[in-house]
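These notes concern the structure reproduced below.
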Amino acid sequence: MTDRAAEIAANLAEVLARIDAACAKADRDPAGVRLLAVTKTFPVEDAAALVDLGVVDLAENREQEAGPKAEALAGLRPDAHVRWHMVGRLQRNKARSVVRWAAQVQSVDSGRLADALAKAVAAAIEAGERAEPLEVLLQASIDGDPARGGCPLEDLPALAEQVIRSSDLHLRGIMAVAPLGTQPEVAFERLAGAAGRLRAEFPSATELSCGMSNDLEQAIDYGSTCVRVGTALLGGRGLASP
């Protein structure tokens with residue numbers, strides 16, 4: 001094992017221990033919290049090291065980096081069953097590219113983006129580039145600030161209704177980031193309430209993606225089923241993937 005691989009292995013053990021401890025405190029089963037490793041700006045070799053350690057859910061936030069990295073990882077680890085997730089803001093004109101590599105898009109925040117993704121999935125299935133519908137999470141705006149992206153909480157049901165009308169999209173839940181300047185507990189409490197209301201109306205929306213390196217414990221306390229961790233796994237800085 002290289003020094004870098006050993007560093008990542010130690011970081012992963014620490015993150016998993018944090019998740020276990022947070023679940024114990026919240027009286028939750030750790031199996032109900034998925035670790036999503038965010039590999040943005042880090043080289044494909046780091047992604048391969050995570051895969052070797054059993055992490056198969058990987059995330060990117062820029063399509064132009066993600067596509068080449070997913071392809072490179074497939075070459076390095078051809079037998080690995082990796083699921084790539086798009087977690088960053090997505091322009092509609094990137095939909096066709098994203099559906100070639102993403103198993104899930106966690107940043108659907110408008111009806112126009114949902115439509116673009118549905119059309120792209122249909123075209124990709126017809127072209128033999130993918131075999132199944134795209135899982136989507138609705139990106140919620142906890143504070144309603146349009147500059148940060150996300151759908152206002154009160155508009156989530158209408159967006160969910162649009163998503164479920166498409167046979168090419170599968171609604172899985174909602175995602176959000178705690179706004180800067182807001183206590184994570186306050187943000188996640190609001191988000192948990194919105195998630196509960198959405199699940200009551202749309203039973204397939206079971207996933208709540210919130211919590212990152214600095215606030216995953218608070219997110220788990222409020223019901224997060226997916227924590228998105230980059231810095232705590234790979235460090236604060238990385239070199240862009242080729």
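Would you check the accessible area of Thr2, probe 1.4 Å, heavy atoms only, in square angstrom rounded to 10?
Around 90 Å² of this residue is reachable by solvent.
Placing unit charges on C-beta atoms (Lys and Arg positive, Asp and Glu negative, everything else neutral), compute the dipole magnitude of the range 100-171 about its Cα centre in debye, rounded to 20.
220
When the distances between all Cα atoms of the chain are binned every 5 Å from zero, what whole-number percent does each bin get?
For the chain, the binned pair fractions read 1, 7, 14, 18, 20, 18, 13, 7, 2, 0 percent.
So for the pair Arg112, Gln64, with labels modelled 7 Å out along Cα→Cβ, what separation do we get in nm?
Taking the simple label geometry, Arg112 and Gln64 are separated by 2.1 nm.
R0 = 30 Å: FRET efficiency of Lys119 with Asp143, Cβ-based, nearest 0.05?
Rounded to the nearest 0.05, the efficiency is 0.45.
Mean Kyte-Doolittle hydropathy of 0.0 or higher plus an axial Cα length of 20 Å or more: which whole DSSP H helices in the chain meet both?
What comes out of the filter, once short or polar helices are dropped, is 3-25, 111-126.
With a 1.4 Å probe and all protein chains left in place, how much accessible area per residue does the range 127-195 have, in Å²?
Ligands and nucleic acids excluded, the figure is 45 Å² per residue.
With n ≥ 4 as the cut-off for DSSP H runs, can you work out [θ] at 222 nm for the chain, using -39500 (n - 2.57) per run divided by the number of residues, rounded to the nearest 500?
Helix contribution divided over all residues of the chain: -13000 deg cm²/dmol.
How much length would be gained if the chain were fully extended between Ala10 and Glu201, taking 0.36 nm per residue of separation minus their Cα-Cα distance, in nm to one decimal?
Full-extension gain reported as 64.6 nm.
Out of the total accessible area of the chain (probe 1.4 Å, heavy atoms of protein only), what percent is carbon and sulfur?
51
Please find, in a Gaussian network model of the chain (springs between Cα atoms separated by less than 10 Å), the residue of Ile220, Ile174, Ile125 whose mean-square fluctuation is greatest.
Residue with maximal mean-square fluctuation among Ile220, Ile174, Ile125: Ile125.
Roughly how many debye, to the nearest 20, is the charge dipole of the chain about its Cα centre, given +1 on each Lys and Arg Cβ, -1 on each Asp and Glu Cβ, and no other charges?
Using Cβ point charges on Lys, Arg, Asp and Glu, the chain gives about 520 debye.
Given the options Ala80, Ala49, Leu90, identify the residue whose Cα lies farthest towards the positive end of the charge dipole of the range 32-96 (+1 on Cβ of Lys, Arg; -1 on Cβ of Asp, Glu).
Sorting the options by dipole projection puts first Leu90.
What FRET efficiency do you get for Asp3 and Glu154 if R0 is 45 Å and r is their Cβ-Cβ distance, rounded to the nearest 0.05?
0.35
At 0.36 nm per residue, and after removing the present C-alpha to C-alpha distance, how many nm does the segment from Ser97 to Arg77 gain when stretched out fully?
5.1 nm
Sort 207-218, 190-201 by packing, meaning the average of other beta carbons within 10 Å per residue, with the highest value first.
207-218, 190-201
If you find the alpha carbon centre of the range 167-242 and of the range 81-153, how far apart are they in angstrom?
Each part reduced to its Cα centre gives a spacing of 16 Å.
Rounded to the nearest 20 Debye, what is the dipole magnitude of the range 104-242 about its Cα centre when Lys and Arg each give +1 and Asp and Glu each give -1 at the C-beta?
240
The values are calculated or read from the model by the stated rules, or taken from the named source; none is laboratory data. Because the structure is predicted, anything quoted here is derived from the model rather than measured. Cβ atoms come from the backbone with ideal geometry, glycine included; neighbour counts cover every protein chain shown. To get the accessible areas, we keep the full protein, side chains included, count just its heavy atoms, and leave off ligands, DNA and RNA. Shrake-Rupley method; radii C 1.70, N 1.55, O 1.52, S 1.80 Å.
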